[in-house]
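Here the structure comes first, spelled out in structure tokens, and everything after it is commentary.
Where a number appears in this text, it was derived from the coordinates with a stated rule and is not lab data. Here the structure is a predicted model, which means the values were calculated and not measured. With ideal geometry, Cβ positions are generated from the backbone for all residues, glycine too; neighbour counts draw on all protein chains shown.
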């Protein structure tokens, strides 16, 4: 884990937040390469679940919502951690996550009695800070999709079953965040609320739940996670969220232990019933009867963007002799290729390389590197996951071919310059 954190900071994937002012606990900024990786993950997800499906539409709801949303959803009443305070250093800890009877900071063994601590981030709207102006930063993206359900229905003309998808930030005042970007107070979710008819028998919702369980495993493969490193854990009733009838956590073996990567929940009609006094859905294709108007039930698959980044980096990090290789899926790599002039002090070679670079970067994210020797440039690109390196040399000036080196195998081949766009596109084009 230390090697991955070091790589992230050294090469511009993840920086400590506010570092010049001493930082802020568990606050992280994504650097140039990290921002590209995150955006590629989100674009892949959006293409897969919104653009390429007829039954899912997208949404982007506000982060600050009417506080009644969180009262009706149950978050104000139930979104609590049980905390104890060390009598030695006066720091607070989640009692359920304490691994021993000793304070992890000062080593004392005396604590206060447990007290409930609400993990919603509270803020105020307007100039007066009182109960009437209280609002919250959303702790999940789901509620925006529930409160907008009727408007999405009316404008998109979708019929159940269908889904609403959203990518967005959520905020939780976690008392024990940690493990790099695994658990932070500010995080991003990719989430779908998939609405289904009222189940007449258990298998009606269980079949849809199973379809999404398999789909989430398929997604992990698409982003380069070995399925042997994923385990399905069915959360027992005593540990499930207040809205869930069934939840599966997809556990991943991180370097710091097996932890939750993604989640899949059956939320029943809990949320829509809380937000809509009258049934919000009318099935005009059914005969008049008991379920002509009803509150649809919901299957909710949830993916964490930050945890996806961390798991992908853990899977991709490879040491091959004296070189570090980040074996990212080509379509997720921050740069799809890098262009090098063999020597930078030869105007004809450098000019040709720049011409190739300018052509390719009109369609792809391309790196330019003319520093140091060619071997060091290869190793530098391997370390950030660039799948292909293109070298312009003296032969290029003679026959208009370049050397293309593959990251994982380090094998090289000569390619016509005119064939480069198709060559790169056929190997990294899953996002296009």
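Just a few scattered comments:
- Each stretch of four or more DSSP H residues adds -39500 (n - 2.57); spread over every residue of the chain, this sum gives -8500 deg cm²/dmol at 222 nm.
- Where labels lie 7 Å past Cα in the beta-carbon direction, separation of residue 348 and residue 361 in nm: 2.5 nm
- Helix 347-360 vs. the chain, principal-axis angle (Cα, 0 to 90°, nearest 10): 30 degrees
- From most to least packed by mean Cβ count within 10 Å, the peptides 296-302, 152-158 give 296-302, 152-158.
- Potential lengthening between residue 110 and residue 398 on full extension [0.36 nm per residue; Cα-Cα distance subtracted]: 95.8 nm
- In the list (i) 1.03; (ii) 1.15; (iii) 2.75, the label attached to Cα Rg over 2.2 N^0.38 Å as derived from the coordinates here is (ii).
- Between the C-alpha center of region 75-126 and that of region 349-421 there is a gap of 54 Å.
- Among 25-34, 266-275, sorting by the average number of other beta carbon atoms lying within 10 angstrom of each residue, highest first, gives 266-275, 25-34.
- Cα-based shape type of region 299-377, given that a ≥ b ≥ c are square roots of the gyration tensor eigenvalues and the cut on a/c is 1.5: oblate
- Cα long-axis angle, helix 32-46 against the chain (0 to 90 degrees, to the nearest 10): 60 degrees
- Highest mean first, the peptides 197-208, 339-350, 160-171 sorted by other C-beta atoms within 10 Å per residue fall in the order 160-171, 339-350, 197-208.
- Per-residue Cβ neighbour rank within 10 angstrom, fewest leading, 112, 247: 112, 247
- Three-way shape label, region 1-58, alpha-carbon gyration tensor, a/c 1.5: prolate
- Cβ-derived FRET efficiency at R0 25 Å, residue 60 paired with residue 129, nearest 0.05: 0.30
- Distance in nm between pseudo-label sites at residue 92 and residue 226 (7 Å out along the Cβ direction from Cα): 4.1 nm
- Taking the longest Cα principal axis of the chain as reference, the axis of helix 374-384 is set at about 10 degrees.
- When 389, 106, 314 are sorted by how many other C-beta atoms sit within 10 angstrom of their C-beta, beginning with the fewest, the order is 106, 314, 389.
- Considering only beta bridges that DSSP places wholly inside the chain, some 85 percent are antiparallel.
- Note on residue 215/residue 370: beta-carbon distance plugged into 1/(1 + (r/R0)^6) with R0 of 45 Å gives a FRET efficiency of 0.55.
- Compared with the direct C-alpha span, the chain from residue 293 to residue 237 gains 17.2 nm at full extension, assuming 0.36 nm per residue.
- For 37, 137, the sequence from fewest to most other C-beta atoms within 10 Å is 137, 37.
- Within region 326-431, antiparallel bridges make up roughly 55 percent of the DSSP beta bridges whose residues both belong there.
- With the cut-off at under 14 Å, measuring from each backbone N in region 331-350 to a point 7 Å along the Cα-to-Cβ line of residue 408 picks out 331-333.
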